[in-house]
Structures are given as C-alpha cells and as structure tokens.
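Below is one structure, written out as structure tokens; comments come after it.
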Amino acid sequence: MFVLTVDQDASRRRGDRVDAALSGLAAHIGARGLGADLALPFERTVGDEIQGVIRTAATTLDLALYLQRRTEWSVGVGIGAVDTPLAATARASSGAAFVRARDAVERAKGKSVPVPLALVAADGPSPAADEAEALLQLLAAVVRRRTERGWEVVDLLVDGVGTAKEAAVRLGITPQAVSQRLDAAMWTVQDRVRPLAERLLADLDQVTT
C-alpha cells in the first residue's frame, strides 16, 4: 500500500492552502478517473498537512507529481503494510506505510533532497527505494520547471485532445510552436520514463511489509 503525507511549504508566509489543495486533488482525481485507486481519500491530518492512502503505483505517481506541480508542498511517499481493516480515515489509520510516509515527508522538507519529494519503503537501507526515489525526484524536477505555456499543451494532450496538430488548432498556434513547447516542457522524456517509475514503485509495494 502507498501513503502520501504532504506538508505545505512556508505556510506562515503563504497562508493555509490546505483547502485549496484538497479541492484541487479532488478535481484532478475526478477528471482522471482515479477515485477507485484511493483506499482512503485525502484529508487534513494536522495543521497544514494532508494525507491519503492509495492502492496503485500509477495513481501514487500521478498524485505525487500533481502536488509537485503546485510547487507549494513537500511530498512524502511511504510504501509498506497497513493495519487492516483500515480505519474510516487516513488520520485514524496506522501501519508501516504511515510511519514511512512520515519519515519521508520530514526528509522532503529538508535540504538533503534536490526537490521536496522523498520516498521510504523499508525500515533500513534500501537500494531499490533509493533508485525509485531518484527517478521520482527527476520527474518532479521536470514538472516543477515546466512553464504555463508548456502546461497548456501538455494538459490538452493528457486530456485527450489528440494530436499535437489538434492541440495547435485549439490554442491557435502553429504545430511547430506546439512541438517547441513540448520539447521545452520535456514531455516526451516524462512520458517515456513514467512506466519505469510506476514499475519501480509497484515492485517496492510487492516486496515491502
């Protein structure tokens, strides 16, 4: 099982953004049809922290990158067993995955990681988890650096507009301009690497307890 524990960055300066993040997550989950993959929905746990429990590697990656896109959140990914049956809420639930997500978000908030995202999948050293974390951090860095112009094109493609040519018509720009935006957004790189990241996460979920 996967647990995402997410803490707001610089909340004293920016103000509480939890409600906005929860609304954004709900809209994203609904638009992408990811609701069935949530074992427990995201909720505020304490202060400016939110938490959710996820069944699949693909949705875990999707939501971690969505939160990185917002550039306001430190994301901790915990992988492992949970105490069953789960409680009615993430806040009331327990298990190794919750403890690891807590450890991960604390590290994500520090300066030892290149982006505010960390992963913990074992109680001790784990080379496989280190490799998965490095790949997630690379994808997060790509997402965090993408411009609004890049997101305009990427969002249309992800939402099923179709080809880059069709996206160009929708945006009123040339196909060449769409291609340039996609290159700058590193979309092809992200799209090709994503299956590997999902597989590494799924493998960790299979072997962790």
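The single residue among Asp155, Asp205, Asp123 that is among the acidic types (Asp, Glu), farther than 24 Å from Asp9 by Cα and modelled with pLDDT of 95 or more turns out to be Asp205.
Residues are listed down the side, and each one gets a yes or a no for (1) at pLDDT below 95; (2) surrounded by 13 or more Cβ atoms within 10 Å (Cβ to Cβ); (3) closer than 28 Å to Asp203 by Cα; (4) not aromatic (Phe, Trp, Tyr):
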| residue | (1), (2), (3), (4) |
| --- | --- |
| Asp16 | yes, yes, no, yes |
| Asp19 | yes, no, no, yes |
| Ala26 | no, yes, yes, yes |
| Leu38 | no, yes, yes, yes |
| Ala58 | no, yes, yes, yes |
| Asp62 | no, yes, yes, yes |
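Whether a residue is polar (S, T, N, Q), farther than 20 Å from Ile54 by Cβ and open to solvent by 40 Å² or more (accessible area, probe 1.4 Å) was assessed, and Gln206 does not pass this test.
All conditions but one from (1) touching a Gly at 6+ places or on another chain (Cβ under 9 Å); (2) under 25 Å from Leu38 (Cβ atoms) apply to Ala184; the one that does not is (2).
Can Leu86 be described as open to solvent by less than 40 Å² (accessible area, probe 1.4 Å) and either within 25 Å of Met1 (Cα to Cα) or not polar (S, T, N, Q) (or both)? Against the criterion (open to solvent by less than 40 Å² (accessible area, probe 1.4 Å) and either within 25 Å of Met1 (Cα to Cα) or not polar (S, T, N, Q) (or both)), Leu86 does not qualify. A single member of Leu196, Leu136 is open to solvent by 50 Å² or more (accessible area, probe 1.4 Å) and touching a residue at least 12 places away in the same chain (Cβ under 8 Å), and it is Leu196. Residues that are under 22 Å from Ile29 (Cα atoms) and modelled with pLDDT of 90 or more were ranked within segment 158-190; the one that is least open to solvent (accessible area, probe 1.4 Å) is Gln190. Every listed requirement among (1) surrounded by fewer than 19 Cβ atoms within 10 Å (Cβ to Cβ); (2) at pLDDT 95 or above; (3) closer than 16 Å to Arg144 by Cβ; (4) not acidic (Asp, Glu) is met by Trp73 save one, (1).
The values are calculated or read from the model by the stated rules, or taken from the named source; none is laboratory data. As the structure is a computational prediction, the values presented were derived from the model and not from experiment. Neighbour counts are summed over all protein chains in view; Cβ atoms, including those assigned to glycine, are modelled from backbone coordinates with ideal geometry. Quick note on the areas: whole protein, heavy atoms, side chains included, nothing else; ligands and nucleic acids left out. Shrake-Rupley method; radii C 1.70, N 1.55, O 1.52, S 1.80 Å.
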